[in-house]
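The values are calculated or read from the model by the stated rules, or taken from the named source; none is laboratory data. These numbers were taken from a predicted model, which means no experiment stands behind them. Virtual Cβ from ideal backbone geometry, glycine too; neighbours counted across all protein chains shown. Keep in mind that these areas ignore ligands, DNA and RNA; they rest on the heavy atoms of the full protein, side chains included. Shrake-Rupley method; radii C 1.70, N 1.55, O 1.52, S 1.80 Å.
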Amino acid sequence: MPHTSAPSSADTSTEPRKDAHGVIIRDDDNTAAAQATRRTLGLQLNAVPVTAPFGWWLAGWRDFFKCPGIALFFGICFFIMGHILLRAFESATEYVLVLSAGFLLMGPFLCLGLYRSSKSIEEGKRPLLSQALDAWLPTAGTLSLFAAVLLVLEMLWARAALIVFAVSFDVVPEENNILAQLLNPENLDFVLAYVAVGAVFAGLIFMASVVAIPMIMDRKVDAITAVLTSMRACFANPLAMFVWGGTITVTIVLSMLPYFFALIVMGPVMGYATWHAYRAIVPQPEADLRLD
């Protein structure tokens, strides 16, 4: 009669290891980066009231007055970007909405230095222009990947906007008084379609980036984690995020008149306020809290 040996301890199956959030941990998931990513994805985001965005704006103004020199430096950069947009409108009208989105896309990256300044103020340190200018260096690779994702959205938006423009007009409107031609009541269908397409893509870009860039700078997380957290923040606080996005849109539109001069001040204030929006929704890292 054949003898069957008892199974060795090496043959016995073991339950897979899981973290505190029930996520299975693989052998290659024990790196510090992987652990940080799991902790970030498992963050319980804060719920904020619908009036919270107004507090973020006030905090932005406070930071502006605490480091006006750095703020005005970046404000002039916003001003130059605005005039680049104006020149583009004069030469490529069909792309003006997309170029405006490009302005909104580049703005958060330009605000990296402002986020760094707000973080220094938060830590009780003196903000330095040199630190603000190289704030992107520690996470350059991640920011490049994030920019590539947003660039894809920009390209899709550009194609959609061009299709709407081509379907609505047999010929390109004359450059003389072009804005009046586009807003002619006879072109109401074009205006509604153009704005609707723009709203969809602007909403996607806003949801993907509302807290992503300050989070990448602050926590050194990967781009996917930052985008997912940003979208979670929007779903967790839909009314507050709607108000926040609306106030940003109104501020930018009003700041463009006349000749983008108001952007010199409002651009930096908006950057500082964005940092406080991030801090209000995404819990501060435990290590930072221990230092406090």
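Out of curiosity, is Asp170 modelled with pLDDT under 85 and either within 30 Å of Ser120 (Cα to Cα) or not in a helix (DSSP H, G or I) (or both)?
Values: modelled with pLDDT under 85: yes; either within 30 Å of Ser120 (Cα to Cα) or not in a helix (DSSP H, G or I) (or both): yes.
Criteria met by Asp170.
Six or more apart or on different chains, Cβ under 8 Å: which pairs go from a residue in segment 136-148 that's under 9 Å from Ala223 (Cα atoms) and part of a helix (DSSP H, G or I) to one that's modelled with pLDDT of 85 or more and of a type in the set (D, E, K, R)? Could you list them?
Thr142/Lys220; Thr142/Asp222; Leu145/Asp222
Any idea how many residues of segment 129-165 are open to solvent by 20 Å² or more (accessible area, probe 1.4 Å) and within 20 Å of Met215 (Cα to Cα)?
Residues in segment 129-165 being open to solvent by 20 Å² or more (accessible area, probe 1.4 Å) and within 20 Å of Met215 (Cα to Cα): 15 in total.
Could you tell me which of the residues Ile224, Ile216 is surrounded by 14 or more Cβ atoms within 10 Å (Cβ to Cβ), within 21 Å of the chain's Cα centre (by Cα), free of Cβ contacts under 8 Å to residues at least 40 places away in the same chain and more than 26 Å from Ala161 (Cα to Cα)?
On the way: Ile216 fails: free of Cβ contacts under 8 Å to residues at least 40 places away in the same chain.
Result: Ile224 is the single residue among Ile224, Ile216 that is surrounded by 14 or more Cβ atoms within 10 Å (Cβ to Cβ), within 21 Å of the chain's Cα centre (by Cα), free of Cβ contacts under 8 Å to residues at least 40 places away in the same chain and more than 26 Å from Ala161 (Cα to Cα).
Scan segment 65-88 residue by residue and report those that are of a type outside the set (Phe, Trp, Tyr) and within 17 Å of Gly113 (Cβ to Cβ).
As a first pass, look at segment 65-88 and keep what is of a type outside the set (Phe, Trp, Tyr): 66-72, 75-77, 80-88.
Hits for segment 65-88 are Lys66, Cys67, Pro68, Gly69, Ile70, Ala71, Leu72, Gly75, Ile76, Cys77, Ile80, Met81.
Condition first: at pLDDT 95 or above, surrounded by fewer than 21 Cβ atoms within 10 Å (Cβ to Cβ) and touching a Phe, Trp or Tyr at 6+ places or on another chain (Cβ under 9 Å). Now tell me which residues in segment 235-245 satisfy that.
Val243
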